[in-house]
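Structure, as C-alpha cells:
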Amino acid sequence: MTVLYDAPGPRARRRTVVISAIAAVLVVAGGYRLVYQPLADQGQFSAELWGPLLNPGNEQFSLVWRRILEGFQATLIAAGYAIVASLVAGTALAVLRVQLRSLVLRRFTAVGGPVALLIRGLVLLLMWLTRFCVEVFRGIPVVITIFFVWVALPEFGITFETSRWYLVIGLSIYNAVVIGEVLRSGMEGLPGGQREAAHAVGLTPFQTTRLILLPQAFRIMLPALISQLVVVLKDTSLGFIISYEEALRVGSQVVQVLENPIQVYTVIGAVYILVNYGLSKLAQYIQRRQSR
C-alpha cells in the first residue's frame with residue numbers, strides 16, 4: 001500500500017502540537033480583542049438586551065418566543081410544501097429527460113417514414129425545451145424566481161390569499177430543476193450494462209427507468225438530495241421580499257420593538273443551525289439504512 005507522504009516523526013509531531021497550540025491561543029486572543037471586547041464595551045451582553053430571549057421571568061419573554069415560533073412554523077410549512085413539490089417535479093423531470101434521450105436514438109421503424117420523422121422531431125423539440133428550461137431556471141437566482149412568480153401570476157389571474165404559495169411555487173421551480181439534474185446524472189452514471197440487461201429481458205425504456213435506474217439513483221444521490229432539501233429550508237428566508245412572515249421576517253419585527261438585532265439574529269441563527277443539523281443527522285441515518 002502506497003502513501004502520499006511519510007509518517008511524521010517525534011520532532012515533527014512536537015512541532016505540529018506547538019504550532020497548533022500557538023494558533024489556538026492567537027485565535028482566542030483575536031476573538032476576544034476583536035469581537036468580545038468591542039461588544040462588551042457597547043453593552044451587547046447586558047441582561048436588558050438578552051433578557052427577552054433568555055430569561056423566562058422577563059415580561060416580554062413569552063411574547064417574543066411565541067412570535068419566533070410562529071415564524072419558524074411558517075418557515076417549516078413553506079419548506080415542507082416546497083420539498084414535496086420539488087421532489088415530485090424533479091423526479092418527473094429527470095425521468096422525462098432520460099426517456100427523451102433514449103427515444104432520440106430510436107428509428108421508429110414500425111411506423112411510416114414521415115410519421116417517424118415527425119415523432120423524432122417532436123422528441124428533439126421536447127429535449128430542447130426541457131434543456132432550455134433547466135438552464136434558465138438553474139441559472140436565475142432563486143430570489144428573482146420567487147419575485148417573478150409573485151408579480152407574474154396575478155397578471156394571469158392566479159392569486160392566493162397568502163403569500164406562502166408564491167414562495168412555495170418559486171422555491172419548487174428552482175429546486176425541482178436542481179433535483180431533476182441530480183437524479184438524471186445519477187441514472188446516467190450507472191453502468192450501461194444494467195440498461196442493456198433490462199432491455200434484453202423485455203422491459204420497456206420506462207420500466208427500465210422506473211424499476212432499475214431511478215431507485216438506484218435515489219440511493220446513490222441521497223446525500224446530494226438531502227443537501228438540496230436543506231437549501232430549500234434556508235431559502236424560505238427569502239420570503240421577506242414578498243412579505244411572507246417566516247422566521248427571518250418575524251425576527252426583523254422583533255428587532256424593531258426590542259432594538260437588539262445581534263441578540264435576536266443570534267438566537268434565530270442558532271435555531272436554524274439546530275434544524276439543519278437535525279436534517280443532516282436524518283440524512284446520515286437514512287444513508288446507513290440504505291447501505292445495509
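As for the stretch 51-61, it holds no residue that is over 27 Å from LEU233 (Cα atoms), out of contact with any helix residue (DSSP H, G or I) (no Cβ under 9 Å at 6 or more places or on another chain) and of a type in the set (D, E, K, R).
Assess whether GLY180 counts as being touching a Lys or Arg at 6+ places or on another chain (Cβ under 8 Å) and part of a helix (DSSP H, G or I). Considered against the rule, which asks whether it is touching a Lys or Arg at 6+ places or on another chain (Cβ under 8 Å) and part of a helix (DSSP H, G or I), GLY180 comes out as yes. Determine whether ALA224 is assigned to a helix (DSSP H, G or I), touching a Gly at 6+ places or on another chain (Cβ under 6 Å), within 29 Å of ALA78 (Cβ to Cβ) and not polar (S, T, N, Q). The answer is no for ALA224.
So that you can scan it fast, the table gives a plain yes or no per residue for (1) buried (at least 20 other Cβ atoms within 10 Å of the Cβ); (2) more than 15 Å from the chain's Cα centre (by Cα); (3) at pLDDT 85 or above; (4) polar (S, T, N, Q):
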| residue | (1), (2), (3), (4) |
| --- | --- |
| VAL201 | no, yes, yes, no |
| SER227 | no, no, no, yes |
| VAL231 | no, no, yes, no |
| LEU238 | yes, no, yes, no |
| ILE242 | no, yes, yes, no |
| VAL250 | yes, yes, yes, no |
| ILE262 | no, yes, yes, no |
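Checking VAL111, VAL98 one by one, the residue that is more than 20 Å from ILE173 (Cβ to Cβ), of a type in the set (A, V, I, L, M) and at pLDDT below 85 is VAL111 and no other. For THR208, the conditions (1) polar (S, T, N, Q); (2) surrounded by 14 or more Cβ atoms within 10 Å (Cβ to Cβ); (3) closer than 28 Å to GLY80 by Cα are fulfilled apart from (3).
The residue pairs whose first member lies in the stretch 233-245 and is touching a residue at least 60 places away in the same chain (Cβ under 8 Å) and more than 10 Å from VAL142 (Cβ to Cβ), whose second member is outside any loop (DSSP other than H, G, I, E, B) and of a type in the set (S, T, N, Q), and whose beta carbons are closer than 9 Å, counting only pairs six or more residues apart or on different chains, are LEU233/THR75; LEU233/ASN276; THR236/THR75; SER237/THR75; GLY239/THR75; TYR244/THR236; GLU245/GLN253. A Cβ distance below 7 Å, combined with a sequence gap of six or more or placement on separate chains, defines the contacts here; from the stretch 161-190, residues that are at pLDDT below 90 and buried (at least 24 other Cβ atoms within 10 Å of the Cβ) reach no residue that is acidic (Asp, Glu) and in a helix (DSSP H, G or I). Whenever a residue of the stretch 94-115 is closer than 20 Å to LEU225 by Cβ and surrounded by fewer than 17 Cβ atoms within 10 Å (Cβ to Cβ), its partners that are at pLDDT 70 or above and hydroxyl-bearing (Ser, Thr, Tyr), lying with C-beta atoms within less than 7 angstrom and at least six residues away or across chains, give the pairs LEU96/THR130. Among the residues of the stretch 189-196, some residue qualifies, meaning at least one is in a helix (DSSP H, G or I), over 28 Å from GLN284 (Cβ atoms) and in contact with a Ser or Thr (Cβ under 9 Å, 6 or more places away or on another chain).
The values are calculated or read from the model by the stated rules, or taken from the named source; none is laboratory data. This one's a predicted model, so the numbers in the text were calculated from it and none came from an experiment. A quick note on method: Cβ atoms are made from the backbone with ideal geometry, for glycine too, and the neighbour counts reach across all protein chains shown.
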